[in-house]
Structures are given as structure tokens and as C-alpha cells.
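Have a look at the structure below before the remarks.
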Ligand code: NAD
């Protein structure tokens, strides 16, 4: 079985889907691994390191993909007209494609038409057995860390209380909005840097987690928020009346903050706007807002996705996209391990190939296509019936 690792070509993507460490382990399973030249360059993994791990360095995507049975990607392969290489057309029929594919119905149909067995790792169920393959968690964790570090370097004072002979600089007030995987890591990081940290969330379970990390909870709770968590652990979309109440509580708090990090997502929807233009206007000059939710439209009215802006009242809003891609070596290392674990979990030693049983809950979650058909219920409702 030949495994192909491609260079990521989508704008702003700095990560890579396999590292020398995971290449070695893939070869240990009995595979041969082809890594496209330069695939790890932007995340600090040079071709020589892959070669040393036993990979063949392929000069281009076509050479890497020739004869591949498994294709590892961070993002979806480029299709015709999407870039300088039509990666999709180079993937052999029946190959297993694994990545955060962000697919829609049209993309799923294209994989089916080309006979590719596509697995979208972002659709992995959040079950205990799948934790070590959970790319959303591994990447969100690093995004939360990175967001706070960038906030600290952008902030024109300091996070800890600094007592010096020349006087005292007070600790920064840091407010984390959304206490899922990214938010909890942001709380921990801001605490380590010495900030005075508070946080909010709508899911009742999050309140205890916030407190257990030593941050104070600020938020509005009512009957609606007590039922705000789906069976899968995600936040539900709540009513306009709830969001209005939440905004009231948050508005008073935000005016006193030096740093705000927003991470709130509602699965399958645009990110909720939690920080309005008025709230931003109420903040002190020099304050910093980091919007990790910018890929989903952002939690902050002033966010310009993909950019950093300074508002009229001197607040810097970092709305960069792809926060895990801003810490690419660590993000790639964890992402690559997630994919390796996915493969080893289903590895059939005798066949020296993964046995992705359609009955398995993890496979049911990730499989978009199989044998030329779209099989995921999200994209083929008829097939699910
Ligand atoms: P997410 O990225 O979907 O959202 C981030 C956070 O934003 C969530 O905590 C959510 O409640 C919060 N949020 C949404 N609307 C909000 C609002 N209006 N105001 C404030 N906060 C708001 O979430 P996630 O980080 O992927 O985590 C979701 C859940 O999944 C958590 O319960 C987490 O513990 C759970 N989880 C389970 C596993 C597992 O068991 N394998 C793995 C990872 C995460």
C-alpha cells in the first residue's frame, strides 16, 4: 500500500498531514510513503528529514499520487481550475483520501464520481474512542494557545502584575468567550502568563470547567441555557431573547477588559456575534481582541476575517484565519498523529491495508463516499433513508 502526502496548496495553509515521525510509523505498518517535495517546508519539516524517516521524495503531486492507495491531506485537494494543479484528477480511483475536507454536497459528489473513498476528519464523532483521532480538538487546543500568545505580544502592556522599583503595572484583565477546547486552553495559557482571567459559555458544563482552571465565570444563565448542549456536546443555537440577555451581562464586563479572546461556535452555522460594535467602542485604547472564530465569520462585529485592524478607539482586532496554521510545526505534529491513529485503529495487518468497516461509528461519521457513491447522510439524504 502506497501512502501519498501532498504539499498543501490552499491559500494560507502552512501545515502538513504527515511528519517524519508519522512517516516512520506508517512504514512500520508495511506501507511505502511518498512525500511531495517541499510538503513540510512551511511547518519546519525538510525533505531530508522525511527521506531519513524512509519516505520517497516525489518531485511533484503527480509523482506522489501515482499508484497511491491512501492520500493524506490537511485540506481538500484542489479540483480543476482551483489552482496550478488539479490534484483531484491525479488521485487514483479507489484511493482512500483522508483530511479536513470541509466538503459540501458537490465536493462529495465529485469524490464519488472519481471513485475516491473520502473521509472528512472534521466529521469524526466526539466519542471517547475517537479522542486520539480528533483533529478538531488537537487543532483547537493549539489555536487557543496561539491566540493568547499573539494577544500578549500585541498588547502594549503586560499580562502579569509587574512590581518594580519604578512602580507597579497591573495584571491584564483577560476575558475568554466560549470555553470549549480552544477556550479552555486559552484560559490556561492566559493564567500561566499571569493575566486575571474570566470566561463565559452557554453550556452549563463549561461553567465548572472554567472555574476548575482558576478563571471566574461571567455569564447569563436561564432555563434555555440549561438545555443549551446537544447530545454531541456542542452548543445549540439559542433564541434572540437569550442572546440579548447574554449581551447585557457581557457588555458591562467587556468595557473593563484589556484582552478578549473569542472562540464561540455553533456547529453547522455562522459563528454568533458576541461582541458588538458598541462593546468594542467601550474598550480602552490599546486593548486587544483575538477572534479565533473568524473562519466561521467571527464573533466580533469589528472582525475583518483574515486581517488585523485597529478601530477608531484604538482597539486591535486580530481576525486571522486558520489559527492552528499559525503554529504549524506543533499543529502538524498533532494532526499527523491524529491521522496515523485513524489508520492504525482500522489497520488490517494481513491485508496491510485499512479495513474501514461501514458499520463502525467512527467510519460512519467520517466516510463521505464509498464505491462510487456518496454515503454520508449529511450529503446524501436519500442514501440514508
Ligand atoms: P466548539 O468549537 O463548537 O465551540 C466553542 C465553544 O463556544 C463551546 O464551548 C460552545 O459552547 C461555545 N459557545 C457557543 N455559543 C456561545 C455563546 N453564545 N456564548 C458563549 N459561548 C458559546 O466547541 P468544541 O471546543 O469543539 O467543544 C464542544 C464540546 O465537545 C465540548 O463539550 C467538549 O468538551 C466536547 N468534546 C468532546 C470530545 C470527546 O469526548 N471526544 C472531544 C472534544 C470536545
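Residue-by-condition table, conditions (1) assigned to a helix (DSSP H, G or I); (2) modelled with pLDDT under 95; (3) surrounded by fewer than 22 Cβ atoms within 10 Å (Cβ to Cβ); (4) near the ligand (Cβ under 10 Å from one of its atoms):
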{"site": "108", "(1), (2), (3), (4)": "yes, no, no, no"}
{"site": "111", "(1), (2), (3), (4)": "yes, no, no, no"}
{"site": "131", "(1), (2), (3), (4)": "yes, no, yes, yes"}
{"site": "142", "(1), (2), (3), (4)": "yes, no, no, no"}
{"site": "153", "(1), (2), (3), (4)": "yes, no, yes, no"}
> Of the residues 280, 250, which single one is more than 25 Å from the chain's Cα centre (by Cα), within 9 Å of the ligand (Cβ to nearest atom) and outside any loop (DSSP other than H, G, I, E, B)?
Replying inline: 250
>> Could you tell me how many of the residues in the stretch 113-128 are within 16 Å of the ligand (Cβ to nearest atom) and either buried (at least 21 other Cβ atoms within 10 Å of the Cβ) or in contact (Cβ under 8 Å) with a residue 24 or more places away in the chain (or both)?
In response: 7
> Can you find a residue in the stretch 226-237 that is in contact with a strand residue (DSSP E or B) (Cβ under 8 Å, 6 or more places away or on another chain), over 21 Å from residue 196 (Cα atoms) and part of a loop (DSSP other than H, G, I, E, B)?
Replying inline: yes
> Based on what the data block shows, is residue 305 in a loop (DSSP other than H, G, I, E, B) and either more than 25 Å from residue 181 (Cα to Cα) or within 26 Å of the chain's Cα centre (by Cα) (or both)?
Replying inline: yes
> Pick from the stretch 231-244 the residues that are within 22 Å of the chain's Cα centre (by Cα) and within 9 Å of the ligand (Cβ to nearest atom): which of them is modelled with the lowest pLDDT?
Replying inline: 232
> Out of the stretch 194-220, which residues are in a loop (DSSP other than H, G, I, E, B), surrounded by fewer than 18 Cβ atoms within 10 Å (Cβ to Cβ) and more than 11 Å from the ligand (Cβ to nearest atom)?
Replying inline: 194, 214
> Say we look at the stretch 160-193 and pick out the residues that are assigned to a loop (DSSP other than H, G, I, E, B) and under 26 Å from the mean Cα position of the chain (by Cα); which of these is farthest from the ligand (Cβ to nearest atom)?
Replying inline: 193
> If we keep just the residues of the stretch 40-55 that are within 26 Å of the chain's Cα centre (by Cα) and crowded, with 23+ Cβ neighbours inside 10 Å, which is nearest to residue 2 (Cα to Cα)?
Replying inline: 50
> Just checking, how many residues over the stretch 92-106 are in a loop (DSSP other than H, G, I, E, B) and out of contact with any strand residue (DSSP E or B) (no Cβ under 6 Å at 6 or more places or on another chain)?
Replying inline: 5
>> On the basis of being under 30 Å from residue 185 (Cβ atoms) and assigned to a helix (DSSP H, G or I), does residue 89 make the cut?
In response: no
>> If I go through the stretch 66-102 residue by residue, how many of them are farther than 19 Å from residue 12 by Cβ and in contact (Cβ under 8 Å) with a residue 12 or more places away in the chain?
In response: 18
> If you check residue 286 against the conditions, is it within 13 Å of the ligand (Cβ to nearest atom) and surrounded by fewer than 24 Cβ atoms within 10 Å (Cβ to Cβ)?
Replying inline: no
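The values are calculated or read from the model by the stated rules, or taken from the named source; none is laboratory data. Only a predicted model underlies this, so the values are computations on that prediction, with no experimental measurement involved. Positions of Cβ are backbone-derived with ideal geometry, glycine not excepted, and every protein chain shown enters the neighbour counts.
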